[in-house]
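The values are calculated or read from the model by the stated rules, or taken from the named source; none is laboratory data. The model shown is predicted, which means the values in this text are computed figures rather than measured ones. Here the Cβ is made from the backbone with ideal geometry for all residues, glycine too, and neighbour counts use every protein chain on show. Areas reflect the complete protein model, heavy atoms only, side chains present, ligands, DNA and RNA absent. Shrake-Rupley method; radii C 1.70, N 1.55, O 1.52, S 1.80 Å.
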Amino acid sequence: MLSRLGALLQEAVGAREPSIDLLEAFVEHWKGITNYYIESTDENTPAKKTDIPWRLKQMLDILVYEEKQQAAAGEAGPCLEYLLQHKILETLCTLGKAEYPPGMRQQVLQFFSKVLAQVQHPLLHYLNVHRPVQKLLRLGGTVPGSLTEKEEVQFTTVLCSKIQQDPALLTYILEGKKTIGRKASREATASLREAASVRDKDRPHSKAPDSGTCGAWASNTQLPAETQEPDGAIGESSLITTLIGLCKSKKGRVALKARENLLLLVSVASQAAATYMVQSSPCCPAIVEHLCQLYQSLPSSLDPADIAALEGISWRLPSAPSDEASFPGKEALAAFLGWFDYCDHLITEAHTVVSDALAKAVAEKLFVEILQPQLLHVSEQSVLTSTALLTVMLRQLRSPALLREAVAFLLGMDQQPAAPEDSPRTLCAHLIRHCDHLSDEISIATLRLFEELLQKPHEQIVRSLILCYLEGRPYMARGSPEPESYEDTLDLEEDPYFTDSFLDSGFQPSAKPPPAPATNPDGKTAVTEIVNSFLCLVPEEAKTSAFLEETGYDTYVHDAYGLPYSLNLQVTSVLSRLALFPHPLIHEYLLDPYTNLAPGCRSLFSVLVRVIGDLMQRIQRVPQFPGKLLLVRRQLMGQVPGEQLDHQTFLQGVVVLEEFCKELAAIAFVKFPPHSPHLHLSKPREGHV
């Protein structure tokens, strides 16, 4: 047969009439395939051990060769016309679905992929191509671990490549213009008869296949019941469904390629295709359903420290890095975070219609229906695990649409202070209360959640959590004269949290500022005064940083997760994050120690003064305080072994407090250098923070 085909091709080229002999060879190979189903009696012989793969390869080569020989580009040659008119692809699809001989589906997928990829003539617009493509797509992507996953992903890759070249094809393929029902199956069976009985009256040199043999097989062979499709079945969104199914493959390369293909589709979609994806396809529900399944498969005993420490997970590399320490549930957590990252990436790249719909689906199904009950649960373990997972999701989140939904979920839609009983802000009120929970672990986890949230670029976060409480400057004394001295500015007597014992404790700042703070020409406190106020707040006997080499706040953050002082450290971390926001009201309230406070109001500086007063009283009860404090600082820096000491938690708190005051001084200095204007409280522009 090989020699015959070679002779035919050579003769055809020499005569410059390739169509006649090429068509004869093409029909002969198709006849050879159909004859197999008549003559073969062994149902167990794999397709790859028959001559079917070879004949399909010859048919492909003829189609490609014929196209190259066409004088007029864009015209379909006789062989391609025969393929279309006699529904060969429809028939192959039916045979592939029947899986007879075994492995036939794999051969059909390969043939479809190669024809669509190598034949340059536009094919997907033809009904007799489009329809079998839809049917073939419906066969794949539904059974995890399918033996044809590799061929399925190659097939979808070719389709996506064609769609990328002509995005208008996406709407056509998604909508499935024609019904694929029993009529289609009957047509496919009938096409077997046509393949055997074809006669070309205009080409007497063509050797027509015998109609009797293949016709007998077609009339006597009943396809398996599962290959017959119900009436009215529409091949809608089968490409999307197949890709989502392949995205779940255990084979890394298959899953990655499927994800890349799905990402390509949602990014090139037109308005019409995007609308169809959202309104008439399972695209968004299927993607989010898998996300929720992965979340619910996570073990309830996950350690929050393990959750927070797992980094480097992305949709391209969803498995956990091998160099990290293993812990129970690590692979399940990595799989969930990888798919969440993929959803976030899809939302970033997709058409706006798909992006908004997918973001809303994630918010509704994952955030509201699953996470919210866990965050509000009475079980501390449930609250702790869900808070840690939400924090790591926020850390990975990049898409504006999903960030918008996450902010609405956590903070509500309004931007006003809400009482705990207000429905839109119920979750936010609960989370704020969790910052001062009886369980230090829950307090730390919730503070980390808010710290992560404060790093996200969304105006409502700062406005809902901070600015709505500061607007109008309710913390400022109204109509009060300018303070005459530093002590008057503190208003300690009016602060209900300061007691007589504190005032009588002998507390004095390490270096008392001048009676009246220096001001800039605009009447605002000079930044040098603010910096000095924080640096001088901790008394000299409670300072240890000067005895060691240069240290910094980050030194203590590094190992905070497992040490006694982590709660204090997390509080100061969140406050530092707040103080960094470039808004005049935030700066005034958090960083200006000379703010004239209204009665009963406290500022960050006044609270720190109270804490220092309490510290000075407790120092008196710690024997050998200076030496123990220096030892604890060295332990925190990892310079000496961490042996247990009396009053260790208190001593660690003193170290953190000193570093926090230095941090605040540094923030004030960086935000407002000595030669820059300071504290201009003009109203910010609309839409800006």
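Quick look at the numbers
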| read-out | value |
| --- | --- |
| Nearest-10 value in Å² for the accessible area of residue 163, using the 1.4 Å probe | 0 Å² |
| Calculated from backbone phi, Karplus (6.51, -1.76, 1.60) coupling profile of segment 59-66 in Hz, x at Gly/Pro | 4, 5, 4, 5, 4, 5, 5, 4 |
| Nearest-10 value in Å² for the accessible area of residue 345, using the 1.4 Å probe | 60 Å² |
| √(5λ) per eigenvalue of the Cα gyration tensor, segment 278-370, largest first, Å | 26, 15, 10 |
| Distant-in-sequence amide H partners of residue 476 (H built 1.01 Å from N, under 5 Å) | 598 |
| With all protein chains modelled, accessible area of residue 315 [1.4 Å, Å²] | 10 Å² |
| 31 Å Cα-Cα threshold exceeded, pairs from 48/162; 87/251; 162/251; 68/248; 162/250; 150/360 | 87/251; 68/248; 150/360 |
| With every protein chain in place, segment 564-646: carbon and sulfur % of accessible area (1.4 Å) | 53 percent |
| For segment 636-641, Karplus couplings with θ = phi - 60° (6.51, -1.76, 1.60), whole Hz, Gly/Pro x | 5, 8, x, 7, 9, x |
| Label-point separation, residue 473 to residue 293 (7 Å along Cα→Cβ), nm | 5.9 nm |
| Sequence of 311, 151, 81, 28 from largest to smallest accessible area, 1.4 Å probe | 311, 81, 28, 151 |
